[in-house]
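Here the structure comes first, spelled out in structure tokens, and everything after it is commentary.
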Amino acid sequence: MTRKLRAAVLGATGTVGQRFIQLLEDHPWFELGAIAASGRSVGKPYRRACSWKVPEPMPEYAEDLVLGPCRPGLEVDFVFSGLPSSIAGEVESDFARAGYPVVSNSGSHRMDEDVPLLVPEINPRHLELIPLQQSRLQSSGYIVTNPNCTTIALVLALAPLHRAFGLERVSVVTMQALSGAGYPGVAGLDVADNVLPYIEGEEAKVETEPLKILGKYKDGKVDRAEFGISAQCHRVNVQDGHLEAVSASFRQRPSRSELVEALASFRSLPQELNLPSAPRRPVVCLDEPDRPQPRLDRYLEKGMATVVGRIRPCPVQDYKFDLLGHNTIRGAAGAAILNAELLLARGMLEGKQ
Ligand SMILES: NC(=O)c1ccc[n+]([C@@H]2O[C@H](COP(=O)([O-])OP(=O)(O)OC[C@H]3O[C@@H](n4cnc5c(N)ncnc54)[C@H](OP(=O)(O)O)[C@@H]3O)[C@@H](O)[C@H]2O)c1
């Protein structure tokens, strides 16, 4: 590669936007070309507009960058979006129509028929939807999305199991971190000494997105996978890292060791291509009886893996286990950056024309 591609981050001051800023520092293929946020922030230097919440310090390179509006016209090759769904739909479409590749975190376009809901380890063929989308938009631009933060941790574990044994039914009960609600997010008085058994819209996303991701691309569309998922989502008093208690039944019931082997040996295209953000192990299996735990395990594989533990037979379904994913890294900014790396490796990110 002769030069790094220039990326804009829309929603750069937010919880996800801050992770983009952190993960793009010293990225070997991409550099930050512009940052943008709401009218509240436009014209301000990043260090003044942003209430920095990532545990490590704000990277120096970003401190004095000035925020612009979320409108096409930015001098970049492509765009990362960490915008709220309330506005992302229209803004991302505007950028795509203006010729920018848009690599989005937001929920707005995930289930659009011609928009890839991409997990590079699972469904790289879904990128074949892009030319169809470009002809609908009549543009060289397009939108690629990554899943909801709860979905992606779950589906990275489900994918190798579905491939090997055929999933029949999945039940998942989540314990989701506060940072998943953005900033300022949930009021302190609501979460102190408490668990909230409701996250608006979350259960529907977890019950539908995996079926698109695990679906097969054929003749210009994705045929959804056919099995049932039941999700019950809870907000808990943890900073980062979503824990999920899963139980599953299979068409061919594996032995426990076959199930562990399918998870632990899962490797795919990002690992073969050695993409810069690809985890060496997309699924990490732990043996200790009391793991995974958010505080101890969320940074395994730099926050890009799903961490699975407590794999055991279930008296109701075939097996049950716990899994953990870092919601702002593999669940958001890290996932989008990995998506962009795959797009570049596939020659689909030549930049805005
Ligand atoms: N948090 C997670 O773990 C997570 C995981 C996966 C996906 N997501 C998705 O990622 C997106 C961002 O979530 P978040 O948690 O980062 O939210 P957040 O902390 O509330 O940040 C929102 C960002 O969007 C900007 N913004 C808000 N209204 C705007 C407007 N009208 N025009 C332009 N910019 C505007 C804000 O800028 P100002 O600072 O100027 O207001 C801020 O930069 C959402 O779609 C969310 O569903 C979040």
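The values are calculated or read from the model by the stated rules, or taken from the named source; none is laboratory data. The structure displayed is predicted, hence computed values, not measured ones. Cβ: placed from backbone, ideal geometry, glycine included. Neighbour counts: every protein chain shown.
Would you point out which residue out of Q22, Q18 is in a helix (DSSP H, G or I) and surrounded by fewer than 23 Cβ atoms within 10 Å (Cβ to Cβ)?
Criteria check complete, one pass: Q22.
Looking at (1) closer than 25 Å to Q252 by Cβ; (2) of a type in the set (D, E, K, R); (3) in contact (Cβ under 8 Å) with a residue 24 or more places away in the chain, which is the only condition D287 fails?
Just one mismatch for D287, condition (3).
Taking only pairs six or more apart or across chains, which ones have beta-carbon atoms under 6 Å, a first residue in the range 102-118 that is at pLDDT 95 or above, and a second residue that is away from the ligand (no atom under 13 Å from the Cβ) and part of a loop (DSSP other than H, G, I, E, B)?
That search, which allows pairs on different chains as well, returns H109/V115.
When you scan the range 180-190, do you find a residue that is buried (at least 16 other Cβ atoms within 10 Å of the Cβ), touching a residue at least 12 places away in the same chain (Cβ under 8 Å), assigned by TED's automatic domain parsing to the domain that holds H242 and more than 25 Å from A333 (Cβ to Cβ), even just one?
Checked against the condition, which is being buried (at least 16 other Cβ atoms within 10 Å of the Cβ), touching a residue at least 12 places away in the same chain (Cβ under 8 Å), assigned by TED's automatic domain parsing to the domain that holds H242 and more than 25 Å from A333 (Cβ to Cβ), the range 180-190 yields no hits at all.
Go through the residues of the range 3-10 one by one and say whether even a single one is touching a Ser or Thr at 6+ places or on another chain (Cβ under 6 Å) and either outside any loop (DSSP other than H, G, I, E, B) or more than 9 Å from the ligand (Cβ to nearest atom) (or both).
Yes, that holds for at least one residue.
Restricting attention to the range 25-54, report how many residues are touching a residue at least 40 places away in the same chain (Cβ under 8 Å) and surrounded by fewer than 16 Cβ atoms within 10 Å (Cβ to Cβ).
Residues in the range 25-54 being touching a residue at least 40 places away in the same chain (Cβ under 8 Å) and surrounded by fewer than 16 Cβ atoms within 10 Å (Cβ to Cβ): 2 in total.
Please find, among V155, V186, the residue that is away from the ligand (no atom under 13 Å from the Cβ) and among the hydrophobic types (A, V, I, L, M, F, W, C).
V155
Which count do you get for residues in the range 224-275 that are of a type outside the set (V, I, T), in a strand (DSSP E or B) and in contact with an Asp or Glu (Cβ under 9 Å, 6 or more places away or on another chain)?
Here the count works out to 13.
Restricting attention to the range 99-126, which residues are surrounded by fewer than 24 Cβ atoms within 10 Å (Cβ to Cβ), more than 16 Å from the ligand (Cβ to nearest atom) and closer than 27 Å to G73 by Cβ?
G99, D114 - these are the residues of the range 99-126 that are surrounded by fewer than 24 Cβ atoms within 10 Å (Cβ to Cβ), more than 16 Å from the ligand (Cβ to nearest atom) and closer than 27 Å to G73 by Cβ.
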